[in-house]
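A quick write-up on the structure given underneath.
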Amino acid sequence: MAEEEKLDASKDMSFWDHLEDLRHGLFRVVIALLAAFVVLFFFKDFLFDKIILAPTRSDFFFYEWFGMKTGLQLVNIELSTQFMVHMRVTFMCAFIVCCPYVIFEIWRFIAPALYQHEKKATRRAFLFASFLFYLGIAVGYSIILPLMINFFDGYKVSETVVNTISLNSYISTVNSTVIIFGIVFEIPTVVAILSSIGLITRQTLIGGWKYAVLIIAVLAAIITPADPFSMLIAAIPLALLYGLSILVCKPARPEEELEEETASAE
């Protein structure tokens, strides 16, 4: 009966048929990225003034919430940098916009090889991963990025040294911060997958909470300026991620729980 649950079309597909299907999927992804890139390229003023450069101004909502002030002045010191930055930022935004479609193409490629119950679980996992990716990007852009800007713009080794931030340096910081947090927020998805194949259990994560607190503190110190306020703000979403990972992780079966207790007692 299990074999009958698979899609009929996948039964007769050869290796070359799958390869051809993959090629068509990649082609559609490239077309979608190019289309998004072209559209976003002509919204340069909105893209930069309202989104990318917004955290450099004191009227950014995060600064207003916490009573912070900033006035980061960016300069360009190379002839072609502004055009290349426009291209880089547009491509990054096109990828972010097309991410759900990329995930859909991945799902469409692997779905024929899955059983019906596996398809439902995988579909939920992909939707969950898309949501967490966007949530991570929002946290990185709305919280972590302004914290970094506020700290580094005001930090000086001497009053005689004036901070003159290049456009290229700022854009690199924006790209890395946003993408890194989008990836970091996929941790619950990874945990759910590892849990589904039996590598970790909910009890394992609960039992390792002390190590998790230490790792979260270290990560918060790495990705933010080393001041207590910034570390606390960064640690909160990471701690919530760990809690979410516990929730999506499957509990151990009674016999597995007994084995874990026996192993810890020894």
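The values are calculated or read from the model by the stated rules, or taken from the named source; none is laboratory data. Please read all numbers here as calculations on a predicted model, not as lab measurements. Glycine gets a Cβ as well: all are built from the backbone with ideal geometry, and neighbour counts include every protein chain shown.
As for the stretch 98-108, it holds no residue that is part of a loop (DSSP other than H, G, I, E, B), in contact (Cβ under 8 Å) with a residue 24 or more places away in the chain and more than 30 Å from N168 (Cβ to Cβ). Annotation for the stretch 208-225: at least one member residue is out of contact with any Pro (no Cβ under 6 Å at 6 or more places or on another chain), part of a loop (DSSP other than H, G, I, E, B) and in contact (Cβ under 8 Å) with a residue 60 or more places away in the chain.
On inspection, V162 does not qualify as assigned by TED's automatic domain parsing to the domain that holds C98 and in contact with a helix residue (DSSP H, G or I) (Cβ under 9 Å, 6 or more places away or on another chain).
Cβ separations smaller than 9 Å between residues 6+ apart or across chains give the following pairs from the stretch 53-79 residues that are surrounded by 15 or more Cβ atoms within 10 Å (Cβ to Cβ) to residues that are acidic (D, E): T56/D153; T70/D153; L72/D153. The set of residues from the stretch 226-251 being in a loop (DSSP other than H, G, I, E, B) and within 21 Å of F62 (Cβ to Cβ) comprises A226, D227. Test I180 against the stated conditions and say whether it is in the same structural domain as T81 (by TED's automatic domain parsing), surrounded by 14 or more Cβ atoms within 10 Å (Cβ to Cβ) and touching a residue at least 60 places away in the same chain (Cβ under 8 Å). When the stated conditions are applied, I180 does not pass them.
Condition check ((1) among the small types (G, A, S); (2) at pLDDT 85 or above; (3) within 30 Å of I193 (Cα to Cα)) across all residues:
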| site | (1), (2), (3) |
| --- | --- |
| I144 | no, yes, yes |
| G154 | yes, no, no |
| V162 | no, no, no |
| S172 | yes, yes, no |
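Among the residues of the stretch 37-58, count how many are of a type in the set (K, R) and assigned to a helix (DSSP H, G or I). Residues meeting the conditions: 2. Picking from residues in the stretch 59-88 that are in contact with a helix residue (DSSP H, G or I) (Cβ under 6 Å, 6 or more places away or on another chain) and among the β-branched types (V, I, T), the one that is nearest to I149 (Cα to Cα) is T70.
Could you tell me whether R124 is modelled with pLDDT under 85, assigned to a helix (DSSP H, G or I) and either among the basic types (K, R) or surrounded by fewer than 15 Cβ atoms within 10 Å (Cβ to Cβ) (or both)? Give the steps one after another, and end with the answer.
Working: modelled with pLDDT under 85: yes; assigned to a helix (DSSP H, G or I): yes; either among the basic types (K, R) or surrounded by fewer than 15 Cβ atoms within 10 Å (Cβ to Cβ) (or both): yes.
In short, yes.
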